[in-house]
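**Q** The structure follows.
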Amino acid sequence: MIPFNKPYLSGNETEYIRQAVESGKISGDGIFTKRCHEFFESKYGFKKVLLTTSCTDALEMAAILVNTKPGDEIIVPAYTFVSTVNAFVLRGAKIVFADSSPDSPNIDVTKLASLVTPKTKAIVPVHYAGIACDMDPIMSLAAKNNFYVIEDAAQSIDAYYKGRPLGRWHACDQ
Ligand SMILES: Cc1ncc(COP(=O)(O)O)c(C=O)c1O
């Protein structure tokens with residue numbers, strides 16, 4: 001059988017698990033959580049990193065933070081992982097699917113404007129398989145129509161758009 005994916009292992013995992021256990025704190029926010037925060041902030045220039053237990057949880061937090069309410073419209077790619085959409089469906093939002101571009105599974109930015117209405121609360125660009133969405137037109141459309149941009153960068157560590165790390169396009173970071 002061909003495995004769906006094969007995790008990358010650097011060789012230090014068992015030693016790090018031993019250190020975590022010996023530190024006496026194996027819940028979140030221990031020494032390795034802090035090391036991850038520092039790594040992501042220094043390597044990619046994120047202003048503030050907060051490690052979550054999963055991208056599903058990060059998306060749930062984002063949906064809460066933008067105050068998603070029933071009737072809000074959220075634009076998401078038609079091709080993505082289910083968590084991208086669930087976070088907003090669970091809060092009663094109406095999902096507006098954006099079709100893929102002809103050359104990648106990512107949102108076709110040329111068709112986005114027609115999906116925006118006065119009820120649009122946010123767009124969730126997904127950088128599928130590390131392929132960067134075309135962020136410039138997405139950010140311009142969001143600024144013009146005053147809605148949030150919530151990047152789903154679950155598949156995009158160490159991937160870039162015009163030299164800028166993916167996951168760093170939130171409006172507050174402009
Ligand atoms: C695009 C995308 N978003 C969100 C998720 C959810 O991530 P997690 O499994 O960490 O909850 C995944 C997982 O594969 C994903 O591919």
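The values are calculated or read from the model by the stated rules, or taken from the named source; none is laboratory data. This structure is a prediction, so every number in the text was calculated from the model and none was measured. Every residue, glycine as well, gets a Cβ built from its backbone with ideal geometry; the counts of neighbours run over all protein chains shown. Only protein heavy atoms, including side chains, enter the accessible area calculation; ligands, DNA and RNA are left aside. Shrake-Rupley method; radii C 1.70, N 1.55, O 1.52, S 1.80 Å.
**Q** Looking only at the stretch 91-111, decide whether some residue is basic (Lys, Arg), assigned by TED's automatic domain parsing to the domain that holds residue 168 and in contact with a helix residue (DSSP H, G or I) (Cβ under 8 Å, 6 or more places away or on another chain).
**A** Residues of the stretch 91-111 that are basic (Lys, Arg), as a first pass: 91, 94, 111.
Narrowing further to those that are assigned by TED's automatic domain parsing to the domain that holds residue 168: 91, 94, 111.
Right, trim to in contact with a helix residue (DSSP H, G or I) (Cβ under 8 Å, 6 or more places away or on another chain) and you get 91.
Yes.
**Q** Among the numbered conditions (1) over 28 Å from residue 45 (Cα atoms); (2) touching a residue at least 24 places away in the same chain (Cβ under 8 Å), tell me where residue 169 comes up short.
**A** (1)
**Q** Could you tell me which residue of the stretch 59-77 is surrounded by the fewest Cβ atoms within 10 Å (Cβ to Cβ), considering only residues that are within 16 Å of the ligand (Cβ to nearest atom) and either of a type in the set (D, E, K, R) or under 17 Å from residue 128 (Cα atoms) (or both)?
**A** 60
**Q** Now, a different point. State the number of residues belonging to the stretch 6-25 that are in a helix (DSSP H, G or I) and open to solvent by 80 Å² or more (accessible area, probe 1.4 Å). Let's see the steps before the verdict.
**A** First pass over the stretch 6-25, keeping only residues in a helix (DSSP H, G or I): 13-22.
Subset that is open to solvent by 80 Å² or more (accessible area, probe 1.4 Å): 14, 16-18, 21-22.
Result for the stretch 6-25: 6.
**Q** Take the residues of the stretch 78-132 that are in a helix (DSSP H, G or I) and more than 12 Å from the ligand (Cβ to nearest atom): which is nearest to residue 159 (Cα to Cα)?
**A** 109
**Q** Would you point out the residue of the stretch 44-57, among those that are within 13 Å of the ligand (Cβ to nearest atom) and without any contact (Cβ under 8 Å) to a residue 40 or more places away in the chain, that is most open to solvent (accessible area, probe 1.4 Å)?
**A** 53
**Q** Search the stretch 25-43 for residues that are outside the structural domain of residue 156 (by TED's automatic domain parsing) and pair each with any residue that is not aliphatic (A, V, I, L, M) when their beta-carbon atoms are under 6 Å apart and the residues are at least 6 apart or on different chains.
**A** As it stands, the answer is 31/23; 40/46, since those pairs meet every condition given.
**Q** For residue 152, which of the numbered conditions (1) of a type in the set (Asp, Glu); (2) in contact (Cβ under 8 Å) with a residue 60 or more places away in the chain; (3) open to solvent by 30 Å² or more (accessible area, probe 1.4 Å) fails to hold?
**A** The single condition residue 152 does not satisfy is (3).
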